[in-house]
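S.K.: Encoded as structure tokens, here's the structure I'll be asking about.
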Amino acid sequence: MKKEKCKYCGGPLIFRLRPDTVHYGEMVCIKCGRHNYWVSAPREENTRRRTSKFSLEQVAKFHGMDKPRCFFCLRTKDQLGEHETLTIDHIIELQLGGKDSLENLQILCTACHKLKNWSRLYLNWHFNGKEVNMVNEGGSKQNERRKS
Ligand SMILES: [Zn+2]
Ligand SMILES: [Zn+2]
């Protein structure tokens, strides 16, 4: 990741996931703590929206759950935040040869899905030196509202 500087104080920026918002994450200054800009999901995640032929209920039942829950945090739909939802995730991705079969499916909430994708990208970057592909969303009007 390239070094970026805070637009307010010139301090170093770090990426922080923001599953509690409609955004993927944000760049925050370590020094002054100010929000600099929003970061949208890695391109990979956006194009990977392939769904399964199975339903949430089928996946939950197959794994012995009473009802659909996130496999990571165990929350049900009622326990999720406003911008969150439960999705079916392929444990081994289809493009990597994974199958759309119940054994290869898990349920993830929006937050845990982001974490999974982010950690995968991070590990890839860490071990293979591949650049993490983060796109600045540009529209910074909403930024102003939520920093304080
Ligand atoms: Zn700063
Ligand atoms: Zn979760």
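Read the figures in this text as sums done on the coordinates, not as results from a lab. Just so it is clear, the model here is predicted, and its values are computed rather than measured. So basically every Cβ, Gly included, is an ideal-geometry build from the backbone, and we count neighbours across all protein chains shown.
S.K.: Within a Cβ distance under 9 Å of PRO12, other residues only, what is the Lys/Arg minus Asp/Glu net charge?
M.R.: +2
S.K.: Amide H neighbours of TYR24 under 5 Å, counting only residues 5+ apart in sequence or on other chains, H built in-plane at 1.01 Å?
M.R.: Close amide H contacts, sequence-distant or interchain: VAL39, ALA41.
S.K.: Separate question: Are any of the pairs LYS3/LYS77; LYS67/LYS116; LYS77/LYS116 more than 27 Å apart by Cα-Cα distance, and if so, which? Before the final figure, lay out the partial values.
M.R.: Details: LYS3/LYS77 38 Å; LYS67/LYS116 22 Å; LYS77/LYS116 19 Å.
LYS3/LYS77, as the Cα separations exceed 27 Å there.
S.K.: Still on this structure: Would you kindly derive the ³J(HN,Hα) couplings of the stretch 5-10 from the backbone phi angles with the Karplus curve 6.51 cos²θ - 1.76 cosθ + 1.60 (θ = phi - 60°), listing them in order in whole Hz, with x for Gly and Pro?
M.R.: 10, 4, 6, 9, 10, x
S.K.: Turning to a different aspect of this structure: Name the shape class, rounded, prolate or oblate, that the alpha-carbon gyration tensor gives for the stretch 50-131, where a ≥ b ≥ c are the square roots of its eigenvalues, rounded holds for a/c under 1.5, and otherwise prolate holds if a/b is larger than b/c and oblate otherwise.
M.R.: In terms of gyration-tensor shape, oblate.
S.K.: Which value, in debye to the nearest 20, gives the size of the charge dipole of the stretch 50-131 about its Cα centre, when Lys and Arg are +1 and Asp and Glu are -1 at the Cβ?
M.R.: Magnitude of the dipole: close to 80 debye.
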